[in-house]
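In what follows, a single structure is set out as structure tokens and then discussed.
The values are calculated or read from the model by the stated rules, or taken from the named source; none is laboratory data. Note that the coordinates shown come from a computational prediction; the quantities given were computed from them, not determined experimentally. Virtual Cβ from ideal backbone geometry, glycine too; neighbours counted across all protein chains shown. These accessible areas exclude ligands, DNA and RNA; they are computed on the full protein's heavy atoms, side chains included. Shrake-Rupley method; radii C 1.70, N 1.55, O 1.52, S 1.80 Å.
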Amino acid sequence: MMKKLNVTWDGIFDSTGYMFSFAKALCCAVKNSPFSGMAEDIVASSGFAFRMWVSPDLCPSATSIWQFNLQKSCVENGGLHCNYIERLWGQEEIEEKRRLEAIDIVRQSIGSGIPAISWDIGVCEWGLIVGYDDEAEKFAVLPITGQEEEMDYACLGKRELPILNVLTVLGRAEKTEEDIVSNTLQTAQNHLQGKEWCENASGLEAYSALIKHLEAEDTEMACSWNLEYFLGTYAPLKWYAWKFFESHGLQELAVLYKSVYENWQKAFEMKKTLDMSVQENRGSLAELLKQAEAWERKAVSSHLGQ
């Protein structure tokens, strides 16, 4: 019999419908846990409200090319203990061992009433495992697309992009608010200054990787869905940064990130509604991003990491 939690994406702020799926799944898992009051904060305190990755060709897979094993330490920096299991390419000899370990921590998490976060359970994004049936060897899964499905145990980590990546929330860590805020500021600064591994442009350098397509003579990428995807992926995250700083009394940063969020959101809406083959429209969108970049650079130089 399926042991299943009643979990939906309802109540998770996502102003574009494209929000970075790991951060969205993390927020939803925490919201549906005994620590629900930390659900919005954890997106920022884990650092994911500040992370951006952009490939030269605007391939959406750039949002999944980063150091996955940062997940555990990042979530714990935000004040939550967690379990984490991964198996990457070239590790076929440990595939079954890691898969069985992952199934075990999923059982434990659902037994404690908290959904598990997992990569590629319906689409090639992060989503939630919300139930399990040992007799049928099936999971109940909630992909980022919102339609609950079932998935065989045997498929965990072996779907379209066959890597294993499962994180479960265990409990609240013994961390003060002061420590969580300090860690958040340092993590944000490290990423924005490019101190985390990534094959592509990351942090503040992501801005120029996007803007160059808006200023290029060839308008193919500016007109592409890919640009919409990147704008939509990162715009909602800026909202979580703004709300984190606001709730912790860091008013100067809150004002900056409110403006950053508003510009990203306007840029996303502009991309969806206007013809980007028109130079004036591309220029207006580029200006929104340039101003957002200036505000984030001001945050790094004046406030973050201090």
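Taking the criterion of being outside any loop (DSSP other than H, G, I, E, B), buried (at least 18 other Cβ atoms within 10 Å of the Cβ) and over 22 Å from the mean Cα position of the chain (by Cα), the residues of the range 195-239 that qualify are His213, Leu214. Could you grab me the full set of residues in the range 157-189 that are in contact with a Ser or Thr (Cβ under 7 Å, 6 or more places away or on another chain), assigned to a helix (DSSP H, G or I) and not polar (S, T, N, Q)? Correct list: Ile180 only. Condition check for Gln186 on (1) open to solvent by 10 Å² or more (accessible area, probe 1.4 Å); (2) modelled with pLDDT under 95; (3) within 17 Å of the chain's Cα centre (by Cα): one failure, at (3).
Leu256: without any contact (Cβ under 8 Å) to a residue 60 or more places away in the chain, of a type in the set (A, V, I, L, M) and crowded, with 16+ Cβ neighbours inside 10 Å, yes or no? Walk me through it before giving the result.
Details: without any contact (Cβ under 8 Å) to a residue 60 or more places away in the chain: yes; of a type in the set (A, V, I, L, M): yes; crowded, with 16+ Cβ neighbours inside 10 Å: yes.
Criteria met by Leu256.
Among the conditions (1) open to solvent by 40 Å² or more (accessible area, probe 1.4 Å); (2) more than 25 Å from Gly37 (Cα to Cα); (3) polar (S, T, N, Q); (4) at pLDDT 95 or above, the only one that Ser247 does not satisfy is (2). Restricting attention to the range 75-98, the residues that are in contact with a Phe, Trp or Tyr (Cβ under 8 Å, 6 or more places away or on another chain), closer than 25 Å to Thr145 by Cα and open to solvent by less than 50 Å² (accessible area, probe 1.4 Å) add up to 1.
Would you be able to say whether some residue in the range 248-255 is under 23 Å from Lys212 (Cβ atoms), among the charged types (D, E, K, R) and either in a helix (DSSP H, G or I) or touching a Lys or Arg at 6+ places or on another chain (Cβ under 8 Å) (or both)?
Looking through the range 248-255, none of the residues is under 23 Å from Lys212 (Cβ atoms), among the charged types (D, E, K, R) and either in a helix (DSSP H, G or I) or touching a Lys or Arg at 6+ places or on another chain (Cβ under 8 Å) (or both).
Inspection of the range 263-278 identifies no residue that is surrounded by fewer than 19 Cβ atoms within 10 Å (Cβ to Cβ), out of contact with any His (no Cβ under 9 Å at 6 or more places or on another chain) and among the aromatic types (Phe, Trp, Tyr). Pairs meeting the criteria (first residue in the range 20-47 and more than 19 Å from Thr233 (Cα to Cα) and small (Gly, Ala, Ser), second residue open to solvent by 20 Å² or more (accessible area, probe 1.4 Å) and not in a helix (DSSP H, G or I), beta carbons under 9 Å, at least 6 apart or on different chains) are Ser33/Ser112; Ser33/Gly113. Contact map, the range 204-225: residues that are within 12 Å of Leu289 (Cα to Cα) paired with residues that are of a type in the set (D, E, K, R), Cβ distance under 7 Å, separation 6+ or inter-chain. Pairs shown: Leu204/Glu293; Leu204/Glu296; Leu204/Arg297; Tyr207/Glu293; Ile211/Lys290; Leu214/Arg282. Scanning the range 9-38 for residues that are open to solvent by less than 10 Å² (accessible area, probe 1.4 Å) and part of a helix (DSSP H, G or I) gives Ser21, Phe22, Ala23, Ala25, Leu26, Cys27, Cys28, Ala29, Val30.
Remark: pairs (first residue in the range 144-163, touching a residue at least 12 places away in the same chain (Cβ under 8 Å); second residue exposed (fewer than 15 other Cβ atoms within 10 Å of the Cβ) and aromatic (Phe, Trp, Tyr); Cβ separation under 7 Å; 6+ apart in sequence or on different chains) = Ile163/Trp89. The single condition from (1) touching a residue at least 24 places away in the same chain (Cβ under 8 Å); (2) part of a helix (DSSP H, G or I) that Met276 fails is (2).
All of (1) touching a residue at least 40 places away in the same chain (Cβ under 8 Å); (2) over 20 Å from Asn32 (Cβ atoms); (3) under 17 Å from the mean Cα position of the chain (by Cα) hold for Ser73 with one exception: (1).
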